[in-house]
Structures are given as C-alpha cells and as structure tokens.
Amino acid sequence: MGEELNKKIVTATKWSSVTEIAAKLVAPVTTMLLARILTPDAFGVLVTVMMVISFAEIFTDAGFQKFLIQHEFESDEELYQSTNVAFWTNFVFSLLIWGLIIIFSQPIANLVGSPNESTEIAVAGCCIPLAAFSSIQMALYKRGFDFKTLFYVRIVGVLIPLFVTVPLALYFRNCWALILGVIAQNFSNALLLTLKSPWKPNRFYSFAKLKEMFSFSMWLTVELFSFWLISYLDFFFVGKLFSPYHLGLYRTSRTIVEQANSLVTSATTPVLYSSLSRLQNNIEDFKQLFFKFQKLVGLLIIPTGTLLFLFKDFIISLLLGVQWMEAAYFFGLWAFFSALTIVFSQYCSFVYLSLGRPKLSILVHIIHILFLLPSIYISAGYGFDFFCEVRAFMRLHLILVNLIVMYILIKISFLQMLRNVFPAILGTIVFSLMIMFLPKADSIIENILYIILAYIVYLTVVVGFKTERELLVNLVAKLMKPW
C-alpha cells in the first residue's frame, strides 16, 4: 500500500471518527428529550414515512454515488462529466418521484399500514430532491478522502434535532416535529455541501456517458433495493400486524443500537470503501487492509454490543424512561447480534462493491430474504416478543451466507476472520462471566461502575496479545499526531 494512500486513510479515519464522537455526544441527549416529550406512536409514524422515502431514494440515486467512489477515472474532467450526468439524472428523477408520491400518497399510506398519514408522507417526500442535491457532492468528498469537510456538515446536521426538532416537539407534541426535523437536516446537508463543493452543476449532459455509468450502477441500484428489503421488511410487518405503538418501540430500539454502533461503523465504513476501491487491482494489499479494519472494528464493536445486551434494562430506563421498558429485551438482542453482523457480515458487502462485483452482494441479500421473509411472517403470528426474537436471531443467517460467499469467491475464510478478532471475543467472554457472578447492580452509579470495570478487564485481556497491543498503541499515536 502506498505511503500517500496510507496517510489519506489515517487522516480520513481521524476526521470521520471525530465526526461520529461529536455526533454521539449530542444524539443521546436529543433522543432522551424526544422520548420524554413524544409517545412511541409518533416514532412509529416516522418509521412508516421514512420507509417510503428511503425506498424512493434507491431509484433516484441509481447507485451513482457508489459508482463515483469506486470507478477509476482517467482524468478529473471525466470524473466531473460523470458527476454532472449523475447529478442531473438524480435530481430530475427525484422530482418525478416526489410528484408521484404526492399524487398517490393515500394509496401508499394504505399499503404501508398507515392510512391516516398520507399528508405526512407527501410532505416528507421533499427530502428526496434535497438528498439528490447532497448525495453526489458527498460521493466526491468520500472519493477524495475529504472527511474534514464532511465533519463540519455533519455537525450542523447533528445539532438540528437539538435546536429544531426538540422545540417543534414541545410545540406540536406529535410526529410532525420529527418529520420537519428530518426535512431541516436534509436541507442543511444540501445547502452546505453544494456551497462548499469544488464541483458545481453545469449544463453538460451525455446520454452516452449515462449508458456507460448505468451499465454498472444498475446493479448497485438492485443491491440497494435488496438491502432496503432486509432493513425494512420487518418494519412493514410490525406496522401492518401490530400497532404504531409497537412500531415505535421496535424502531427506537434499533435506532439506539445503530447510533451506538455508528460511532465506529460510520467512522470506518466510508473510509474502508474508498480505500478498498483504490486497491481493487492489488489483491494482497486489499485483503491486508480488510483484515486491519475488521480487527480494529471488532476490538471496539464486540465488547460494546455485548455490554448493551448485559445492561439493556439500565440503558433503556436511563435513555428513554420507564415507559419504554417493553423495548429493553429486543434492544439487547439487537445490540448483541448487530455486533456480530458488523464484524462478520456487513463489511463483506463493501468487499464485493469495491471489487466491482455488486452481483455478489445481491446474491447474498436474495438468499437471506428467501429465509427472512417466511421467518418473520410466521413469527408475527406468535406475538410481538417472539417476532423480535426471531428477527434478531435471523441476523446469524445473513452472517452465514456472507461467510460462504467470501470463502468460495473471495478466498477469505471464516477461520481467518475468527483468528483476526479472537482476542476481542476472548476479552468479551471474560468480562461477561465476571458480570454474571457479580451482585446485581441496583443504582445508576453501580451500573456505570460495572461497565467501566468490564472495559478495564477487557483491555487487560486484549493487550496481552502482541498484535492487538501494537495496533492500539499505533492507533493512539496516530490520533495524537498533528492533523
């Protein structure tokens, strides 16, 4: 791996990490405030609305963002020409789709199980053209490892829920506060990224270039659609077969877990994808970088996911209040299995995409959906709790499918991955056994002390391994260097 690329990766990871740390200092405060102002029903409505919007955005983006990051261009002129084609295609399609959503808002609301929310769906559709403005610029920043600019944009977006959504929640006391907050975030991203971007839209357009791009990005669109199905199938069933209250519990539990995990994943995933894409023609350096990221992520994610499970009741009561305690069990399960999925499955998709083989990711998703769909449909008939259990355990199936594909087609085995993160697994097992034999914590202070003790025990085990010790020392040293 070239020294220049390595420096870019380190700097990009620094800025991406700082972004997520800053975001996570604000996001829990916002969540705590909103959870105490609004009911789970309001969050359930937001899930339904965003399910529709995210589905529409799959087809407006058409995979162009990932294409611009992954593809090797011969010159900046070719890059900017492709960027212009991607932008205008995205923007025109986003306006058309928003118009269709407005026209058919009532049938769409009926389809997703929220017949009274057609107006909310129509209004929230403005996020689609706003996202079209920002997604292409964001791709250029990620391609160029310019995560410093993305840091400033993200910070403004993170502050919007605190200074816009919370006051709106105090005024409206319903789902409109959440919807308007999401619109404000999208507007902020579109405005700031467009103003700061070195590339600006112009009148250039080429149908020949669109055809060239679409031959690749078409499969990325299918990949995004299959990922959307995996992400939202369960939301659809909860919304249709249970109630907005249960959908709010379900969505909020997953959101908290994703916010906790994104402290690591959002800081590393964009950098990993951009970096692997630049190494797609050097398979040895490619694999070395993949294992390095997997080891680092495993060291951080595996203990965190396990602690979220072990202290699920304490965390839910602290963040959301006692009225949300019904969500604690699913929250814990989702946190634990999410940690395993991130380490052994999620990054596999970026391996396929960065090698220009999105069909592999589609294959994995289709196989998983064929098992997931009947599993969640049948389990829903046995009640909400059983449904939640089955959905969480089905994440193991996604891991299994990815491991098989990685071994057969990419020549990376599960044993290699397991050895790579074994110290993290061992350290997690040790502190988990310790917590099981400690007296039950009854107060906030005791729970916090137990969590701190668990991390101390974990680090003690991990630094006993030479590779992990050197990795952590080098990481700290690089983070402390001037930027």
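Sort out the exposed loop trypsin sites (Lys or Arg not before Pro) in the chain (DSSP loop, at most 12 other Cβ within 10 Å) and tell me the longest stretch that has none. Before the final figure, lay out the partial values.
Working: sites that count: ARG203, LYS411, LYS440.
It works out to 204-410.
Each residue of region 437-454 in turn: what ³J(HN,Hα) in whole Hz from Karplus with 6.51, -1.76, 1.60 and θ = phi - 60°, glycine and Pro shown as x?
These are the phi-based 3J(HN,Hα) values: 9, 7, x, 4, 7, 10, 10, 4, 4, 5, 4, 5, 5, 4, 5, 4, 4, 4 Hz.
Solvent-accessible area of CYS127, probe 1.4 Å, all protein chains present, reported in Å² to the nearest ten, please.
Accessible area, nearest 10 Å²: 0 Å².
At most 11 other Cβ atoms within 10 Å and a DSSP loop assignment: could you name the chymotrypsin sites (Phe, Trp or Tyr not before Pro) in region 116-223 that fit? Each step should come with its number before you reach the end.
On the way: sites: PHE133, TYR141, PHE145, PHE147, PHE151, TYR152, PHE163, TYR171, PHE172, TRP176, PHE187, TRP199, PHE204, TYR205, PHE207, PHE214, PHE216, TRP219; in loops: PHE145, TRP199, PHE204, TYR205.
Those that pass, being in a loop and sparsely packed, number zero.
Using the Cβ atoms and a cut-off under 14 Å, what net charge is assigned to the surroundings of LEU409, where Lys and Arg are +1 and Asp and Glu are -1? Write out the running numbers ahead of the final one.
Values: positive: LYS287, ARG357, LYS359, LYS411; negative: none.
Neighbour charge sum, excluding LEU409 itself: +4.
Taking a ≥ b ≥ c as the square roots of the Cα gyration tensor eigenvalues, with a/c under 1.5 meaning rounded and otherwise prolate when a/b beats b/c, else oblate, which class fits region 364-456? Please report the intermediate quantities before stating the final value.
Working: a/c = 4.15, a/b = 1.34, b/c = 3.10.
It is oblate, given that a/c is not under 1.5 and a/b is not larger than b/c.
State the extension gain, in nm to one decimal, for the chain segment bounded by THR255 and PHE207, taking 0.36 nm per residue of separation less the distance between their alpha-carbons. Write out the running numbers ahead of the final one.
Values: separation 48, 0.36 × 48 = 17.28 nm, distance 4.00 nm.
Extending this stretch completely gives an extra 13.3 nm.
Can you check what the net charge comes to around LEU79, using other residues whose Cβ is under 12 Å from the Cβ of LEU79 (Lys, Arg +1; Asp, Glu -1)?
Working: positive: ARG143, LYS209; negative: GLU72, GLU74, ASP76, GLU77, GLU78.
Net charge around LEU79: -3.
How much area per residue is accessible in the chain when the probe is 1.4 Å and only protein heavy atoms are counted (Å²)?
On the way: 21310 Å² over 483 residues.
Counting only protein heavy atoms, the per-residue value for the chain is 44 Å².
Give me the Debye-computed log₁₀ of I(q)/I(0) at q = 0.19, 0.20, 0.24 Å⁻¹ for region 215-311, equal point scatterers on Cα only, no solvent, two decimals.
Here log10 of I(q) over I(0) equals -1.10, -1.13, -1.19.
In whole Å, what are the Cα extents of the chain along the three principal axes, biggest one first?
Principal extents (largest minus smallest coordinate, Cα): 68, 56, 44 Å.
Expected output is a single nm value to one decimal: the length gained when fully extending between GLU470 and VAL322, i.e. 0.36 nm times separation in residues minus the C-alpha distance. What is it? Intermediate values should be presented prior to the final figure.
Working: separation 148, 0.36 × 148 = 53.28 nm, distance 4.30 nm.
Separation in residues times 0.36 nm, less the Cα-Cα distance, equals 49.0 nm.
Sequence neighbours fewer than 8 away in the same chain don't count; with that in mind, list the aspartates and glutamates whose C-alpha is under 15 Å from LYS200.
Excluding near neighbours in sequence, the set is ASP76, GLU77, GLU78.
With r as the distance between the Cβ atoms of LEU195 and LEU96 and R0 = 22 Å, compute the FRET efficiency 1/(1 + (r/R0)^6) and round to 0.05. Write down the numbers at each step before the final one.
Details: r = 26 Å, r/R0 = 1.18.
That gives a FRET efficiency of 0.25.
Could you state how much accessible area ASP234 has, in square angstrom rounded to the nearest 10, with a 1.4 Å probe and all protein chains kept in place?
That residue has around 0 Å² of solvent-accessible surface.
Tell me the Kirkwood radius of region 165-212: reciprocal of the mean inverse pair distance over distinct alpha-carbon atoms, in Å. Could you put the intermediate results ahead of the total?
Working: mean 1/r = 0.0732 Å⁻¹.
For region 165-212, the Kirkwood estimate is 13.7 Å.
If you take every residue apart from ALA327 with its C-beta less than 12 Å away from the C-beta of ALA327, what net charge results, scoring Lys and Arg +1 and Asp and Glu -1? Numbers along the way, then the final one.
On the way: positive: ARG251, ARG254, LYS312; negative: ASP313, GLU326, ASP385.
Summing Lys and Arg as +1 and Asp and Glu as -1 gives 0.
According to the square roots a ≥ b ≥ c of the eigenvalues of the Cα gyration tensor, what is the shape class of region 316-396, taking rounded for a/c under 1.5, prolate for a/b larger than b/c otherwise, and oblate for the remainder?
On the way: a/c = 3.68, a/b = 1.63, b/c = 2.26.
Oblate.
I need to check one value: relative contact order of the chain, counting alpha carbon pairs closer than 8 Å and at least 6 residues apart, in percent. Before the final figure, lay out the partial values.
Numbers: 591 pairs, mean separation 94.7, N = 483.
Computed value for the chain: 20 percent relative contact order.
Compactness ratio of region 146-268: Cα Rg over 2.2 N^0.38 Å, N = residue count? The partial results should precede the final answer.
Values: Rg = 18.7 Å, N = 123, 2.2 N^0.38 = 13.7 Å.
Against the empirical 2.2 N^0.38 Å value, I get 1.36 for region 146-268.
Tell me, what % of the accessible area of the chain is carbon and sulfur with a 1.4 angstrom probe?
Values: 14880 of 21310 Å².
Carbon and sulfur: 70 percent of the exposed surface of the chain.
How would you classify region 325-483 from its alpha-carbon gyration tensor, with a ≥ b ≥ c the square roots of the eigenvalues: rounded for a/c under 1.5, else prolate if a/b is greater than b/c, otherwise oblate?
Values: a/c = 2.32, a/b = 1.13, b/c = 2.04.
Oblate, because a/c is 1.5 or more while a/b does not exceed b/c.
Taking 0.36 nm per intervening residue step and subtracting the Cα-Cα distance, what contour gain separates ASN110 from LEU162 on full extension? Mind dumping the intermediate values first?
Values: separation 52, 0.36 × 52 = 18.72 nm, distance 3.19 nm.
Length difference between fully extended and current span is 15.5 nm.
The values are calculated or read from the model by the stated rules, or taken from the named source; none is laboratory data. Everything quoted here is computed from the prediction, not taken from an experiment. Cβ coordinates were reconstructed from backbone atoms using ideal geometry, including for glycine residues, and neighbour counts include every protein chain displayed. Side chains included, ligands, DNA and RNA excluded: accessible areas come from the protein's heavy atoms. Shrake-Rupley method; radii C 1.70, N 1.55, O 1.52, S 1.80 Å.
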